[in-house]
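Visitor: This structure is in structure tokens; I'll ask about it shortly.
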Amino acid sequence: FSHKTIQSLVDTYYVVLQPCVISIYTDDNSAYEAVDKFEHNIVGEYKSGIFKYDLPSGVVATESYDDSTNVLTLTTRFKTGDTTAKTEYHIHFTHPSFSSLTINGEPLDTFSADVHDYWFDTEYNPDVVSYTLPEGFAAAESFDDSTNILTVRLASSDAIGTVAYRLHFRPVDGVDDFLGDQVSLYVMDKAICVDGATEPIFVYDLRGTLVGTGRGEEVRIPVRQTGVYVVRAGRKAAKVIVK
């Protein structure tokens, strides 16, 4: 083409203004990545305030998180004259999971990365739980003997945060010495009552759902339905029937 022909083809220019994010930072002030695309995948769990943003002058950012899809929508806006330009970035949070999880030598076939709480009718010790992890992931364990919950946190080197799985151990084979000389356990007006306990009280239904907790000389935990409930205090447990 001659110079004159080229000039006639490109004599009109269109400029599209898009408010952008220069970079995203995690809550520990380390840079995550510059945002130069609209879809991002991140290993970890979203928490409010986990990100802060390096924005050009005049650009405002807002967050909207959909917990059904684990997608954070970051919307940036820039006002120019009577027009407001808008750009959306979508940050997809993915949850790592165990490659396998075994309790007392039995594989947990119902394991799902979307479920973070599991209940087991057995006493916890370090030999009870075994698992394998996806390549590149590491696990950190912590056990709370007041609640009998083992928390396993999974993370990789490129993860924003950790993903926690809580394994609840609740042996219910007997009352043991739960009802000591100073402790009384009874049902009154559809409430499970524990008097004189020195440890926190946890009440579960038989599906493992936590119904309520309490601590003190007189604990009253209301229940909505009749049935059998498990009352825990430390490592001790008892079954209670609510009629």
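Visitor: Going 7 Å from the Cα of residue 94 in the Cα-to-Cβ direction, what parts of region 66-87 have a backbone nitrogen less than 19 Å from that spot?
Guide: Correct set: 66-73.
Visitor: Each residue of region 183-200 in order: what ³J(HN,Hα) in whole Hz does its phi give by Karplus 6.51 cos²θ - 1.76 cosθ + 1.60, θ = phi - 60°, with x for Gly and Pro?
Guide: Listing the rounded values in order: 10, 10, 10, 7, 10, 8, 6, 6, 9, 8, 10, 10, 10, x, 7, 9, 10, x Hz.
Visitor: Given a Förster distance of 22 Å, report the FRET efficiency between residue 189 and residue 210 from their Cβ-Cβ distance, rounded to the nearest 0.05.
Guide: On the way: r = 21 Å, r/R0 = 0.95.
Calculated value: 0.60.
Visitor: Continuing with this model, one more query. What's the extension gain from residue 220 to residue 142 if we count 0.36 nm per residue and subtract their Cα-Cα distance?
Guide: Values: separation 78, 0.36 × 78 = 28.08 nm, distance 2.92 nm.
Contour length minus the Cα-Cα distance gives 25.2 nm.
Visitor: Between residue 128 and residue 156, what's the calculated FRET efficiency when r is the beta-carbon distance and R0 is 25 Å? Round to 0.05.
Guide: Numbers: r = 26 Å, r/R0 = 1.02.
Once the sixth-power term is evaluated, E becomes 0.45.
Computed from the coordinates by the stated procedures, all read-outs in this text should not be read as laboratory data. Nothing here was measured: the structure is a model prediction, and the numbers come from that model. We place every Cβ from the backbone using ideal geometry, glycine too, and count neighbours over all the protein chains shown.
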